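Visitor: Please find one structure pasted underneath; my questions will follow.
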Amino acid sequence: MDLEASFTRCFDGLAAIDGGTTTPGTGWNRFAWTEEDLAARAWFRAEAALLDLSVSDDRNGNLWAWWGWPAPAAVVTGSHLDTVPAGGAFDGALGLVSALVAVAALRHRGVRPRRPLAVVAFADEEGARFNTPTFGSRLLTGSLDPATVLARRDGDGVTISEAVTQADVDPLELGADPEALARIGVFVELHVEQGRGLADLDAPVALATGIWPHGRWRLTLDGAANHAGTTGLADRRDPMLVAAAAVEAARAAARTNDAIATVGRLRVEPNSANAIPSRVDAWLDARAPDAERLDRLVATWRRAVEDAAAEHGVEVAVEGESRTAGADFDGGLRERMGATLQREGIGYAELPTGAGHDAGILSAHVPAGMLFVRNPTGVSHSPFERAEISDCVTGVRALAAVLEDLLCA
Ligand SMILES: [Zn+2]
C-alpha cells in the first residue's frame, strides 16, 4: 500500500473544506457546528465508509468510526476537525487523516484485531466559536457541566443550544457519557507538533510526556479618560501604561520560571487615538511545567502589575477566567509505545507540550498517549503551519504500529 498517496488523497480532501480557500492567506476556518464543520463531519463519515467502518455519533456530537462492534475497552485514536480562526491545515486534521490511513494500512496488512478500534473526531476541540475548548471530550468525561455554557453566544448572537441543534445534537442530551467513556480502553492521539522541539532534536516524531498546566487571567485597569492634547503628564491616570507594564511583566515572570506567558488580547475604552483611555482590559495566558511554577509566575506578574497601577493611580482587578490542571500521560503506555517505535526502527524524542488536547482531558480517566509529528518551523494556529510529507508518512507508520500492538496484545 502506498502510504504517501493514501495520505495525500485523504489529507487534501479535508484541507479542501475550509471556508477560506478562495482568499489566500486567510487560512482554515472550521468552527464548531458551522457549515464548514458540518462539511468536515460529512467528509469523516464518507472516509470511514470507504474503510467499511460504521460511524455513530454520541450525545455530545463526537463522531465515532468503528472497526468491529462498539464495545467496552476498545483501542481509540483520533483528534478534531475544527480549527482556530485563520488556522492551519494540520492541527487536528493530521491526527484524523493519520488515524484513517493507519487503519487502512492495518486492514491492508491483514491484521486481525483482538479488540475493537474506533477513530473518534471530538467536537469543538479549539473552542474558537464559544470559548469552550475541548468541549466534546470534557462533556463526555463529565468535566464540563453543559448548564454552565449552553447560553453562551458566538459573535453573531447564536447560543450553543441553537448551534448544536443545527448539527442534529440535542442540547438537552449534552453531558457526561459513562458508556462512551467505558468504551475507551486506551486513547492515542497523533498531532502536529506546535513548537520547534522536534526540529531542534532532529527527530520525525515524539511521544508526549505531558501537558503543562495553564490558565487565563483577566486584568481590568480603570483610570481616567481625558484629552490627549491638553492633559499634563502629572495629571494623568493612564491605564495603558499599566497594561504595557503587564505585557513586560508577563515576559519577565515567564523567563524566571522557565515557563511561557502571553498578553495576546487588549480591550481599550474609548479606543480613540486622541484620548487617554479610561479603561483597559487585558488577558494573560500562562503555562508552566508544573502548578507551583504557574502559581509563582502569576503571583510575580500580579505584584508587578499592582506596583505599576499604584504608580499611575490606576485601579486594578485580576480575575482567573480558566485554569487547566495539565496532564501526565500514562508512563506504562508511553514505554510500550516507545518499544514499538524502536522495533519499527522509527527514531523518536520525548517532549512535553504547552498546548491543550483532548488526550489531556481523557488522560484523567483512561491510559492516554500522544504522538507528535515534526513541525519544521514550529508555527501553529496559523495558515503557515506545516509538516513534511515524509514526516507525515512516518507518523502514520508510527501510529499504525502502536495501534497494531494495542489491538493484538
Ligand atoms: Zn489540535
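Visitor: On the basis of being at pLDDT 95 or above and open to solvent by 30 Å² or more (accessible area, probe 1.4 Å), does ASP285 make the cut?
Guide: yes
Visitor: So, one more: So, of the residues in region 174-204 that are exposed (fewer than 14 other Cβ atoms within 10 Å of the Cβ) and of a type in the set (D, E, K, R), which turns out to be farthest from the ligand (Cβ to nearest atom)?
Guide: GLU179
Visitor: Give ALA243, ALA249, ALA203 a once-over and let me know the one that is in a loop (DSSP other than H, G, I, E, B) and at pLDDT 95 or above.
Guide: ALA203
Visitor: Let me ask another. Which of (1) farther than 25 Å from VAL373 by Cβ; (2) touching a Gly at 6+ places or on another chain (Cβ under 7 Å) does ILE260 not meet, given it meets every other one?
Guide: Among (1) farther than 25 Å from VAL373 by Cβ; (2) touching a Gly at 6+ places or on another chain (Cβ under 7 Å), ILE260 violates only (1).
Visitor: Go through region 106-136 and give me each residue that's aromatic (Phe, Trp, Tyr) and outside any loop (DSSP other than H, G, I, E, B).
Guide: PHE122, PHE135 - these are the residues of region 106-136 that are aromatic (Phe, Trp, Tyr) and outside any loop (DSSP other than H, G, I, E, B).
Visitor: Return the residues of region 106-133 that are on the phi > 0 side of the Ramachandran plot, at pLDDT 95 or above and within 16 Å of the ligand (Cβ to nearest atom); say none if nothing qualifies.
Guide: Matches in region 106-133: ASP124 only.
Visitor: Still on this structure, please answer the following. For the subset of region 331-353 comprising residues that are open to solvent by 20 Å² or more (accessible area, probe 1.4 Å) and among the small types (Gly, Ala, Ser), which member is farthest from SER137 (Cα to Cα)?
Guide: Here the answer is GLY345.
Visitor: State yes or no: is SER143 hydroxyl-bearing (Ser, Thr, Tyr), buried (at least 22 other Cβ atoms within 10 Å of the Cβ) and touching a residue at least 60 places away in the same chain (Cβ under 8 Å)? So that I can check it myself, show each step before the final result.
Guide: Working: hydroxyl-bearing (Ser, Thr, Tyr): yes; buried (at least 22 other Cβ atoms within 10 Å of the Cβ): no; touching a residue at least 60 places away in the same chain (Cβ under 8 Å): yes.
Taking the combined requirement at face value, the residue does not satisfy it.
Visitor: Taking only region 381-398 into account, find how many residues are touching a residue at least 60 places away in the same chain (Cβ under 8 Å), open to solvent by 40 Å² or more (accessible area, probe 1.4 Å) and not polar (S, T, N, Q). Before you say what the answer is, go through the steps one by one.
Guide: To start, the set of residues in region 381-398 that are touching a residue at least 60 places away in the same chain (Cβ under 8 Å) comprises 381-387, 389-398.
Within this subset, residues satisfying the condition of being open to solvent by 40 Å² or more (accessible area, probe 1.4 Å) are 381, 384, 386, 389-390, 397.
Add one more test, that the residue is not polar (S, T, N, Q), and what stays is 381, 384, 386, 389, 397.
Residues flagged as touching a residue at least 60 places away in the same chain (Cβ under 8 Å), open to solvent by 40 Å² or more (accessible area, probe 1.4 Å) and not polar (S, T, N, Q) within region 381-398 amount to 5.
Visitor: Still on this model: Restricting region 146-170 to residues that are part of a helix (DSSP H, G or I) and without any contact (Cβ under 8 Å) to a residue 24 or more places away in the chain, which is nearest to THR324 (Cα to Cα)?
Guide: Only one residue tops the list, namely THR148.
Visitor: Filter region 296-327 down to residues that are farther than 28 Å from ASP238 by Cα and either open to solvent by 80 Å² or more (accessible area, probe 1.4 Å) or assigned to a helix (DSSP H, G or I) (or both), then give me how many there are.
Guide: Our first condition is that a residue be farther than 28 Å from ASP238 by Cα; within region 296-327, this holds for 323-327.
After this cut, where a residue has to be either open to solvent by 80 Å² or more (accessible area, probe 1.4 Å) or assigned to a helix (DSSP H, G or I) (or both) as well, the list is 323, 325.
Total satisfying the criteria: 2.
Visitor: Next up: Among the residues of region 3-17, is there at least one that is under 16 Å from ASP124 (Cβ atoms), in the same structural domain as GLY378 (by TED's automatic domain parsing) and of a type in the set (Gly, Ala, Ser)?
Guide: Looking through region 3-17, none of the residues is under 16 Å from ASP124 (Cβ atoms), in the same structural domain as GLY378 (by TED's automatic domain parsing) and of a type in the set (Gly, Ala, Ser).
The values are calculated or read from the model by the stated rules, or taken from the named source; none is laboratory data. Quick caveat: nothing in here was measured; it's all calculated off a predicted structure. No Cβ is skipped: glycine too gets one built from the backbone with ideal geometry, and neighbour counts run over all protein chains shown. The protein model used for the area step is the full one, side chains on, heavy atoms only, and it has no ligands, DNA or RNA in it. Shrake-Rupley method; radii C 1.70, N 1.55, O 1.52, S 1.80 Å.
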